[in-house]
Amino acid sequence: MSAEESGTSLRVRDLTRPYRGILSVAIALGVVAALASLAQPMGIGWLVDTVERGGGLWSPIALLVGLFCLDAFIGGLQSYLVGRAGESVVRDVRFTLTGKLLRATRREHEERPSGDLHARVVTDTSLLKAALTQSLATMVVSALMVVGGILIMVVLDPLLLGLTLLCLSVAAVVTLLLARKLRGAAQLNRSRVGALGADLNRALSAITTIKVSRAEEREQRRLGTRMDEAYRTGLGVTKLNAMLAPTVSVGLQVSFAVVFAVGMSRVATGGMSVAEFTSFVLYLFYLITPLVAVSTALGQLQQGLAAITRLDEVLRIRQERDSSAGNSEDGSEAESSGTNTSNSRPDTGDIDTGDTDTGDTDPSAPRTGTAGTLARFEDVRFGYESGPEVLHGLTFEIPRSGLTALVGPSGSGKSTILTLLTRFDRPDSGTVTLDGTDVGELELTGLRGRVGYVQQDPAILSGTVEENIRYANPDATREELDEAVRLADLGDVIAELPDGMSTEVGQHGSKLSGGQRQRVAIARMLLTNPDLLLLDEATAQLDSNSESALRDTIHGVAETRAVVAIAHRMSTVIEADRILVVERGSIRARGTHEELLATDELYRTLVRTEITDDEQQASDSSTEEPGTPRLMSSKGA
Ligand SMILES: Nc1ncnc2c1ncn2[C@@H]1O[C@H](COP(=O)(O)OP(=O)(O)OP(=O)(O)O)[C@@H](O)[C@H]1O
């Protein structure tokens with residue numbers, strides 16, 4: 001189950017391929033600007049010569065002004081084109097990585113801190129802009145300038161050039177060593193910044209817990225420690241970066257001193273003219289900018305390559321398997337698209353907008369046939385990667401209609417059963433089938449269109465109530481929407497909201513009550529008209545009136561489709577068509593409430609211990625059967 005590591009990496013070549021045209025133009029402009037720069041010392045040499053001879057100054061001055069202007073204009077244009085290509089690369093990489101994250105397995109998201117993933121997609125990618133475009137273009141153009149300058153200098157005076165190169169080569173070796181160290185330092189710094197992002201996200205997503213635990217100080221200290229680590233490692237990067245340019249400068253200054261000493265003596269002995277000496281010195285002077293630029297670009301490139309290492313990890317994140325799409329949970333889909341970001345903006349048609357092939361989406365529409373078996377577990381064994389086996393050879397069926405309740409002690413494996421039906425996880429052995437087909441063989445969006453899942457803590461997205469309900473089926477008609485609202489008993493809630501369906505629900509639905517959030521989540525799933533509705537303790541947060549209304553809803557919905565509910569409210573369980581008692585990953589008993597009360601000791605215990613106060617009160621009035629009198633009367637009521 002480990003992620004496939006091979007063949008998935010962001011390669012500079014692939015990332016820049018779509019922008020080769022624009023980068024080539026930018027580099028060509030850079031070359032023109034470099035030539036204009038290289039011609040300037042010649043022009044100045046001509047000016048000096050003209051002054052010495054007492055000739056007219058207008059021509060050399062006009063040439064120099066033209067060269068300066070050309071250099072400046074072309075330099076500006078080149079910088080814009082390179083920046084534009086850089087922004088495009090960053091957008092592409094972000095888009096590709098976001099696609100990977102959205103299609104990653106749920107397990108990957110459980111294991112990776114979301115703040116760190118956020119830092120990788122948002123901030124690490126921004127380093128690519130400078131590294132992959134600015135620095136590459138700068139290095140190409142600057143290298144050309146250096147080579148051009150050296151060629152002219154070799155014509156002017158090979159001896160002086162030899163001395164210059166000797167001094168510069170020492171600086172070059174030191175620069176390369178520093179650049180290598182810089183990459184390691186940058187990698188460390190990125191990981192520390194990622195850890196800070198992860199901890200910040202951890203704190204902000206639990207802000208209420210922090211406040212009620214009076215842990216603000218503690219959290220700030222903890223974050224402060226992370227900030228110190230980011231600061232320290234950032235300082236390491238800054239130091240190495242700061243050493244790059246001075247190293248080159250020192251090399252240049254030593255070269256200047258040597259060239260001046262040797263050059264002046266040659267001018268004095270007549271071995272070299274003043275104009276030649278001036279031109280040579282100016283060429284040496286002109287090497288400063290490109291050489292320093294190369295060293296700075298080298299630093300940027302190393303930081304970008306360090307970021308790429310972290311981005312590669314996101315690229316290799318395990319993807320949900322979709323047999324029909326030919327990808328797999330072990331990352332092989334990443335292999336096919338991850339290396340080719342040249343066309344990396346995935347077709348938005350890939351994204352599951354909820355337009356599944358579920359056919360009719362009218363929530364109240366009668367199903368085609370409600371008899372027979374819809375889903376089946378056959379000798380299913382399953383364990384989470386990090387732990388022991390959780391389900392031990394489960395075999396049971398879910399009929400095409402009716403309410404199946406899962407009951408059992410905490411940690412017995414009830415929620416795990418639902419995750420296998422939604423294919424968030426796959427059995428280690430045995431099969432889970434829907435209409436006789438292994439759910440692993442079904443197209444993922446099709447499967448999730450047929451199986452609606454309301455989780456324990458229903459996720460509400462910021463946006464309006466309507467956007468939240470429509471989320472799994474954005475194309476639903478107004479009638480279908482109204483019907484889902486009616487079935488989920490949300491009508492009164494929406495009527496009381498300030499802007500009705502258009503009311504903003506706030507971050508994570510914070511402006512709604514827990515019960516309201518659950519009903520919105522149920523309405524959302526009903527709007528997809530699933531064949532199978534899974535409710536994980538979906539009534540746990542409702543008050544007794546709402547719960548009783550929702551219970552009626554669940555039973556109404558269960559008349560036309562299968563509903564599997566994990567409910568702590570025993571009233572829901574009592575009225576279920578069938579109850580499965582799960583104990584330590586096995587089905588211990590199955591039957592109706594009455595049958596189980598008569599035959600199963602654990603069920604009797606659960607009924608005694610898990611009934612809520614409300615239900616106790618409701619059933620207090622008529623107690624008939626010894627041991628479980630209140631529940632029995634509740635069913636009869
Ligand atoms: N993501 C996970 N990784 C590792 N172990 C897990 C994971 N989720 C659940 N478990 C373990 O699997 C076992 C079954 O958990 P599960 O959530 O299915 O139980 P449950 O019956 O639904 O419990 P509850 O009624 O308290 O929600 C538990 O021992 C739990 O610790």
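General remarks:
- Count of the range 60-118 residues which are touching a residue at least 24 places away in the same chain (Cβ under 8 Å) and within 16 Å of the ligand (Cβ to nearest atom): 8
- A single member of Ser37, Ser24 is hydroxyl-bearing (Ser, Thr, Tyr), modelled with pLDDT of 75 or more, open to solvent by less than 30 Å² (accessible area, probe 1.4 Å) and over 16 Å from Val93 (Cβ atoms), and it is Ser37.
- In this entry, Leu481 passes the filter for residues that are of a type outside the set (S, T, N, Q), at pLDDT 90 or above and assigned by the TED database to the domain that holds Leu550.
- Of all residues in the range 417-432, those satisfying the criterion of being aliphatic (A, V, I, L, M) and within 13 Å of the ligand (Cβ to nearest atom) are Ile417, Leu418, Leu420, Leu421.
- Within the range 424-434, at least one residue is of a type outside the set (A, V, I, L, M) and within 23 Å of Thr560 (Cα to Cα).
- Residue within the range 121-138 that is farther than 28 Å from Asn241 by Cα, of a type outside the set (Lys, Arg) and buried (at least 16 other Cβ atoms within 10 Å of the Cβ) present: no
Conditions tested, residue by residue: (1) more than 8 Å from the ligand (Cβ to nearest atom); (2) open to solvent by 60 Å² or more (accessible area, probe 1.4 Å); (3) closer than 25 Å to Ala576 by Cβ.
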| site | (1), (2), (3) |
| --- | --- |
| Gly387 | no, no, no |
| Ile398 | yes, no, yes |
| Leu434 | yes, no, yes |
| Gly446 | yes, no, no |
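- For Lys211, the requirement of being out of contact with any Pro (no Cβ under 7 Å at 6 or more places or on another chain), of a type in the set (Lys, Arg) and exposed (fewer than 13 other Cβ atoms within 10 Å of the Cβ) is met.
- Qualifying residue in the range 527-538 (condition: more than 16 Å from the ligand (Cβ to nearest atom) and either more than 38 Å from the chain's Cα centre (by Cα) or surrounded by fewer than 19 Cβ atoms within 10 Å (Cβ to Cβ) (or both)): no
- Options Asp489, Asp457: the member that is in the same structural domain as Ser586 (by the TED database), assigned to a loop (DSSP other than H, G, I, E, B), more than 16 Å from the ligand (Cβ to nearest atom) and out of contact with any strand residue (DSSP E or B) (no Cβ under 7 Å at 6 or more places or on another chain): Asp489
- Matching option when the condition is open to solvent by 60 Å² or more (accessible area, probe 1.4 Å) and under 41 Å from the mean Cα position of the chain (by Cα), among Arg569, Arg584, Arg590: Arg584
- Flag set for Arg318, criterion: at pLDDT 50 or above, within 19 Å of the chain's Cα centre (by Cα), open to solvent by less than 40 Å² (accessible area, probe 1.4 Å) and within 16 Å of the ligand (Cβ to nearest atom).
- Within the range 28-83, considering residues that are polar (S, T, N, Q) and under 45 Å from the mean Cα position of the chain (by Cα), the one farthest from Pro18 (Cα to Cα): Ser37
- Contact map, the range 156-181: residues that are closer than 19 Å to Val262 by Cα paired with residues that are open to solvent by 50 Å² or more (accessible area, probe 1.4 Å), Cβ distance under 7 Å, separation 6+ or inter-chain. Pairs shown: Leu156/Glu276; Asp157/Glu276; Leu161/Val154; Cys167/Val254.
- Failed criterion for Cys167 (all others in (1) modelled with pLDDT under 90; (2) of a type outside the set (Gly, Ala, Ser); (3) exposed (fewer than 15 other Cβ atoms within 10 Å of the Cβ) hold): (3)
- Flag if Tyr286 is assigned to a helix (DSSP H, G or I) and at pLDDT below 80: yes
- In the range 400-416 there is no residue that is β-branched (Val, Ile, Thr), away from the ligand (no atom under 16 Å from the Cβ), under 20 Å from Arg107 (Cα atoms) and surrounded by 17 or more Cβ atoms within 10 Å (Cβ to Cβ).
- Matching helices (runs of 4 or more DSSP H) fully within the range 495-613 where at least 2 residues are at pLDDT 90 or above and among the acidic types (Asp, Glu): 593-599
Quick grid of which residues meet (1) at pLDDT 90 or above; (2) assigned to a helix (DSSP H, G or I); (3) acidic (Asp, Glu):
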residue: Arg345; (1), (2), (3): no, no, no
residue: Asp362; (1), (2), (3): no, no, yes
residue: Ala371; (1), (2), (3): no, no, no
residue: Leu374; (1), (2), (3): yes, no, no
residue: Glu385; (1), (2), (3): no, no, yes
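The values are calculated or read from the model by the stated rules, or taken from the named source; none is laboratory data. Just so you know, these numbers come straight off a predicted model, no measurement behind them. Cβ atoms come from the backbone with ideal geometry, glycine included; neighbour counts cover every protein chain shown. The accessibility values were calculated without ligands, DNA or RNA, using every heavy atom of the protein model including side chains. Shrake-Rupley method; radii C 1.70, N 1.55, O 1.52, S 1.80 Å.
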